Each structure stands twice: as structure tokens, then as C-alpha cells.
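The structure appears right after this line, and notes come after that.
The values are calculated or read from the model by the stated rules, or taken from the named source; none is laboratory data. Model, not experiment: these values are computed from the prediction. Note: ideal-geometry Cβ built from the backbone for every residue, glycine included; neighbour counts use all protein chains shown. The protein model used for the area step is the full one, side chains on, heavy atoms only, and it has no ligands, DNA or RNA in it. Shrake-Rupley method; radii C 1.70, N 1.55, O 1.52, S 1.80 Å.
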Amino acid sequence: MRRRRRETEVFGLSFLDAISCGFGAIVLLLVLTKIAEPTKIVEQGIGLQAMAEKLAAELPQLDAKLESLEQKLAAEGKRLSEAEQTLASMRPQARALEAERADAQLEAEAASAIENRLALARQQLTDEMKRLYASGTRRPSDSVGGIPVDSEYIIFVIDTSGSMHGYAWPTVIKKMTETLDLYPKVKGLQIMNDMGDYMFSQYAGDWIPDTPGRRKAIISRMASWQPFSNSSPVEGITRAIRAFYAEDKKISIYVFGDEFTGNSIQSVLDTVARINPRGSDGKPQVRIHAVGFPVQFARNGIRPTGVRFAMLMRALCQQNGGTFVGLQTLEQ
């Protein structure tokens, strides 16, 4: 009879004991780990609280430093503002000094040119002009403010703005009278303002006859004559040339003013050069002279428009055979 084989049990008591011990060990490790974590969290919380208390203690000091820096910044801002104000107050003085320097240079150049132009004027007197001067009391070499007197027709272009009337009008009338006196007899006169408006509308576009009575009427009318003006002589100059230019006439324009409010000096020079062409002798047919009145000195300050007037008139007179003279004072 065959002996029955004994079956072997895989999961015995010993195996189950070992497995149970292993799981128990793992559970014990997990329990120990969880117990340690709250201690670390508490320690970290204690460190953060200490840091917060330290920062809170330093906060008043930081506020004090910030306030001190803000005060310093405000003080520096005030100093900067005062410096800017000082600079702004010095700019007009600097411009005034620059204008004085420019005026001195212009006067020196004008003085040099006057002698040459006077000599040239004596040589260019026509027989008719010699006859006219011979009947008067003035000599051909006379001048007004250094401007040569050598024409048979004269036109005045006068700035009638408020600044001229308010500060320089008696001087304007005096200089106009002196200019007329230097021409004992001419073939024609005309008076216009800087906008090109005629003093006597009945003579618009025509020459005013030169008579003692008419001269007296011109001076009398000057006292109250104040048509609208934009403080720029350009319109009056161009209108005078367009209306009276003639190749057979020797004409001089006298510009009396104190300001140029236009935009471009060069555009004025180009326009006048186009409408006042040169004759066969290579010289402009119409002479342009100018007298600058120092109104802005009387008004406690030099404006750019005054400097621009001097620059324009100097260039325009030089281009058109004339002379620019800047008066030093407004005294009569």
C-alpha cells in the first residue's frame, strides 16, 4: 500500500508572526514621525514671532529716517526752485547786455559806413538836385542822424503803434521836421504809416506837392495822427515801393520805428529785392534809410522785437543803398 504524501502549508504561524511584526514596526515609525512634527512647527512659529517683534521695534526708527529724508528732499527742492527763479531773473539782464553789445557794434559799423556814403552822395547829386539845394539854406553834405540827403522824392514810413506814441512821438515829430528841413525843395513828398496807410487820403498813390503850407500841415497832422499799427514796417515799405517806384526818379524812404513783429527777416529782404530792382548803375532805384527809436529802454527792458527791428533795418538799408541809425536817447 502506497504511503500518502503530506501537504506543505505555505502560510504558517511563523510567517504570519513575521509579517505582523513588520507592519507593527512601520506603524510605530509613522506614529513617532507625526509626534515630532508639531514640535518643529511650534519652534518655527516662535522664530517668526521674534522676528516680527524685532521689526516692530525697528519701525519707529525707520519712520524717523524716512521723515528726515523727506525733509531733506523738500529742502533741496526749495533750493532748486530758488535757483531757477534766480536764473529766470538774470535772463532779461543777459539779453539786455547782449542787445547793448549788438547796438554798439551796429553803431561802430554805421559810423564807418556813413563817411563813405556821404562822400558817395556828394558825387551822385544830379543837376536838378544841385539847383534845388542852391536855392535853400542847407548844404548837400547835410544829413539827419548821419543819413545822406540825395533824393528828389522822399517818403516817410512811420510806426504809429502805441509804444511809439506813448514814449517817442515828440522825438519822432522833431526828427521828421529836421529831415524836411534838410530838403529845402523836393519834387514830391508822401507820408505813410507802417501799415501803408496814407496820412492824406486825397493823395493816396500820388505825390504830395512840396510847399511851405503843405509841410506845415504835415507837421500839424502828426500830433494827432495814429492809425492802426502792427509794429512792423514791412507793409508800409513794400506798399511805398510798389506805389511810387519809377526808373526816372530818385526816391528815398525814411523808416521811423522801434519794433519788428514779423516772422522772417530774410523773407522781407527777398521781397524788397524783388520789387526794388537795381538800375543800370547796379544800385537800387529806391534808397531805404531807417531811424531806430530806443523806446524799449524807456520801458525798462529790451524785447526781441526791438533787436529784430535793428537787425532788419541794418540789413535792409545796406541792401538798398541806405543807412540805419539807432538813436541813443528819446530826448528832444
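General observations
- Spacing of the two label points (7 Å from each Cα toward its C-beta) at SER267 and ASP248, in nm: 3.7 nm
- Shape of segment 237-278, Cα gyration tensor, a/c cut at 1.5: oblate
- Within the accessible area of segment 197-328 (1.4 Å probe), percent carbon and sulfur: 50 percent
- Taking Cβ atoms as reference points and 13 Å as the exclusive limit, the residues near TRP225 contribute a net charge of -2, counting Lys and Arg as +1 and Asp and Glu as -1.
- Peptides 222-232, 282-292 ranked from most to least packed, by the mean per-residue count of other Cβ atoms within 10 Å: 282-292, 222-232.
- Shape category assigned to segment 278-332 from the gyration tensor of Cα positions, a/c cut at 1.5: prolate
- Anisotropy class of segment 167-234 from Cα gyration tensor, a/c 1.5 cut: oblate
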